[in-house]
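What follows is calculated from the coordinates using simple rules that are stated; it is not laboratory data. In this text, all values refer to a predicted model and were calculated from it rather than measured experimentally. Ideal geometry is used to build each Cβ from the backbone, glycine not excepted, and the neighbour counts take in all protein chains shown.
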């Protein structure tokens, strides 16, 4: 059976509205999507690290409750589990302050076996960090050798915009490994000073990766492939919190790929009707996560979207 393997950080998000804490939920950009997929019954693995402290224990327990094995999580004895403060504005969008204290030795873990047509997900600064680069490349090489699909979400945020030029070679290397790239207009503005999906695809992505998705908050989703281009209008909603919306769009896209039985060999030949179904799943997952303070889809949504692998 196909599985989804994520690599990224785990963090405890403390969410503030009107300057008062409203919720504390485990998070992390790739992690949020893996949790949602685990809830829907997709076989998942997650490669990460956390501290040997109360926050770390909370995250490990949360992983087990959501059907994510903890075998590939490095629990470090020195340092502390990372925490973020997320301050929601009037549009329910978040501004973050991060508190991190990692040890010198990072990500000392055993990787899961990567098999043909598995999906390997990476993103954010975690996929660019020089300290972790050897480990990330090891996973990407395993994915390429096995014939897995690599899904890359740059998730490039304002705190790193001054490093965009320095990080450009690493970003390009990730794009070269990727089979699908999904990012937001905001990401590409900070990376390239561009927000137009067509320009981003033609000038920055297409040469490396043929399959591209660009999202714009509550706006449309732009899909660009070697075969066709299509834009999908978003359904308006009143969000409680937009934290995790992009991460869960990724989860929905991956769910759709599995549901439609799209493997590495058929990905670049996928027709418009199949992509329509895949993108619809991405938008459904993203919409659901905006309706609560959770970083992942609700148990009710997951129960209504149970993964049934095709024979």
### Task
Looking at the chain, send over the antiparallel percent of its DSSP beta bridges, to the nearest 5.
45 percent
### Task
Could you let me know the centre-to-centre spacing of segment 103-170 and segment 226-275, using Cα atoms, in angstrom?
21 Å
### Query
When 54, 39, 2 are ordered from fewest to most other Cβ atoms inside 10 Å of their Cβ, what list results?
54, 2, 39
### Task
Would you mind getting the Kirkwood hydrodynamic radius of the chain from its Cα pairs, rounded to one decimal in Å?
19.3 Å
### FRET efficiency, 1/(1 + (r/R0)^6) with R0 25 Å, evaluated for residue 137 and residue 97 via beta carbons
0.25
### Query
Using 7 Å Cα-to-Cβ label points, what is the residue 144/residue 268 separation (nm, one decimal)?
1.5 nm
### Task
Can you figure out the FRET efficiency of residue 199 with residue 172, using R₀ = 25 Å and their beta-carbon distance, to the nearest 0.05?
0.90
#### Entry: Cα pair distances exceeding 16 angstrom across segment 1-120, given as percent
62 percent
### Task
Work out the FRET efficiency for residue 111 and residue 226 from their Cβ-Cβ distance, taking R0 = 25 Å, and round it to the nearest 0.05.
0.20
### Query
Based solely on its DSSP helices, what 222 nm [θ] is calculated for the chain when runs of n ≥ 4 H residues each add -39,500 (n - 2.57) and the sum is averaged over all residues, nearest 500 deg cm²/dmol?
-10000 deg cm²/dmol
